[in-house]
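Have a look at the structure below before the remarks.
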Amino acid sequence: MANLGPLASAHLAAAHASVHGKSAELLVHDGNLRQSVVALVAGTALNEHSSPPAGTLQVLQGRIRVTEGEAATELATGDLWPLTHARHAVVADEDSVFLLTAVTGVDRVG
């Protein structure tokens, strides 16, 4: 069992110690389900990338922006956002930690 409060604080400290300003850990790997905690120092970004088939971002601490082309969605502590199927990037407007929940595939019954 993971307690997200202390875990968020630990990863934010690790992000500050990293030359890349990032820290992440896979917490749950159960079949197609993945949950990861991601910490970004203010001004740090996860460059544009594709979305998993389904997923959410939940901000545990701070403020982030999810950009899709010219559009941007601002998220703050406590916000839960469903990932769209568009390519996107994540930018930390302040020191931030979020929980990424992703479904990475769909099993076919056969």
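Spot the failing condition for residue 90; the list is (1) within 21 Å of residue 7 (Cβ to Cβ); (2) surrounded by fewer than 15 Cβ atoms within 10 Å (Cβ to Cβ), and only one is missed.
Against the list (1) within 21 Å of residue 7 (Cβ to Cβ); (2) surrounded by fewer than 15 Cβ atoms within 10 Å (Cβ to Cβ), residue 90 comes up short only on (2).
Can you work out which of the residues in region 37-73 that are touching a His at 6+ places or on another chain (Cβ under 6 Å) and within 20 Å of residue 1 (Cβ to Cβ) is surrounded by the fewest Cβ atoms within 10 Å (Cβ to Cβ)?
37
Kindly indicate which of 24, 8, 15 is part of a strand (DSSP E or B) and in contact (Cβ under 8 Å) with a residue 12 or more places away in the chain.
24
Inside region 27-50, can you point out the residues that are among the aliphatic types (A, V, I, L, M) and outside any strand (DSSP E or B)?
Within region 27-50, 41, 42 qualify.
Among (1) within 14 Å of residue 99 (Cβ to Cβ); (2) crowded, with 17+ Cβ neighbours inside 10 Å; (3) touching an Asp or Glu at 6+ places or on another chain (Cβ under 9 Å); (4) touching a residue at least 60 places away in the same chain (Cβ under 8 Å), there is one condition residue 34 misses while meeting the rest; what is its number?
So the condition that residue 34 fails would be (3).
Of all residues being hydrophobic (A, V, I, L, M, F, W, C), over 13 Å from the mean Cα position of the chain (by Cα) and modelled with pLDDT of 90 or more in region 72-110, which is farthest from residue 47 (Cα to Cα)? Just the residue, please. Before you say what the answer is, go through the steps one by one.
Looking only at region 72-110, we keep the residues that are hydrophobic (A, V, I, L, M, F, W, C), and these are 72, 75-76, 80-81, 83, 86, 89-92, 97-100, 102-103, 106, 109.
Those left that are additionally over 13 Å from the mean Cα position of the chain (by Cα): 72, 86, 103, 106, 109.
Of the ones still in play, those that are also modelled with pLDDT of 90 or more are 72, 103.
On the way: 72: 14, 103: 20 Å.
If we take residues in region 72-110 being hydrophobic (A, V, I, L, M, F, W, C), over 13 Å from the mean Cα position of the chain (by Cα) and modelled with pLDDT of 90 or more, then 103 is farthest from residue 47 (Cα to Cα).
The values are calculated or read from the model by the stated rules, or taken from the named source; none is laboratory data. Only a predicted model underlies this, so the values are computations on that prediction, with no experimental measurement involved. Please note: Cβ atoms are built from the backbone with ideal geometry, for glycine as well, and neighbour counts cover all protein chains shown.
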